[in-house]
Amino acid sequence: MEVYNGGGTRVLAENKYDLVVCSEVLEHLEDPEQALKNIKELCNENGFILLSVPKEPIWRICNMARGKYWKDLGNTPGHIQHWTKKKFCRMVVNNDMKIVSVKTPFPWTMVLAKKG
């Protein structure tokens, strides 16, 4: 997997980071669990991983309330994964991460985790 930082520079796999952020990405991936494995590899042993995804079903309801994506029942184009807060947290834990904190600013789920 090729990984890029916020400035568009390719990140080499041998680098380890204190904080790895994956915001509004996992819902677009066919294999988000593989992505979590790759993210863990980028994080140093004492580092943190910050993840965020849209909270379902509220995300779709909000889209429909503002008149968006009616033919797709409110699903944003490109969103192929959908999680409730509980299911997302379960996936994080099942991928050998320890949850430090969970926040739910409307309409997202945000998880701060560490390697398990």
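Among I61, I99, which is of a type outside the set (D, E, K, R) and touching a Gly at 6+ places or on another chain (Cβ under 7 Å)?
Selected residue: I61, the only one of I61, I99 that is of a type outside the set (D, E, K, R) and touching a Gly at 6+ places or on another chain (Cβ under 7 Å).
List the pairs whose first member sits in segment 20-34 and is in a loop (DSSP other than H, G, I, E, B), whose second member is modelled with pLDDT of 95 or more and surrounded by fewer than 14 Cβ atoms within 10 Å (Cβ to Cβ), and whose Cβ atoms are under 7 Å apart, counting only residues at least 6 apart or on separate chains?
E30/I80
Can you name the residue in segment 28-82 that is touching a Ser or Thr at 6+ places or on another chain (Cβ under 7 Å) and not hydrophobic (A, V, I, L, M, F, W, C) and is also surrounded by the fewest Cβ atoms within 10 Å (Cβ to Cβ) among such residues?
Y69
I need every pair where a residue in segment 89-101 that is part of a helix (DSSP H, G or I) has its Cβ under 7 Å from the Cβ of a residue that is aliphatic (A, V, I, L, M), sequence separation at least 6 or different chains.
C89/I99; C89/V102; C89/V111; V92/L51; V92/I99; V92/V111; V92/A113; V93/I99
The values are calculated or read from the model by the stated rules, or taken from the named source; none is laboratory data. Here the structure is a predicted model, which is why all the values come from computation and not from measurement. Cβ coordinates were reconstructed from backbone atoms using ideal geometry, including for glycine residues, and neighbour counts include every protein chain displayed.
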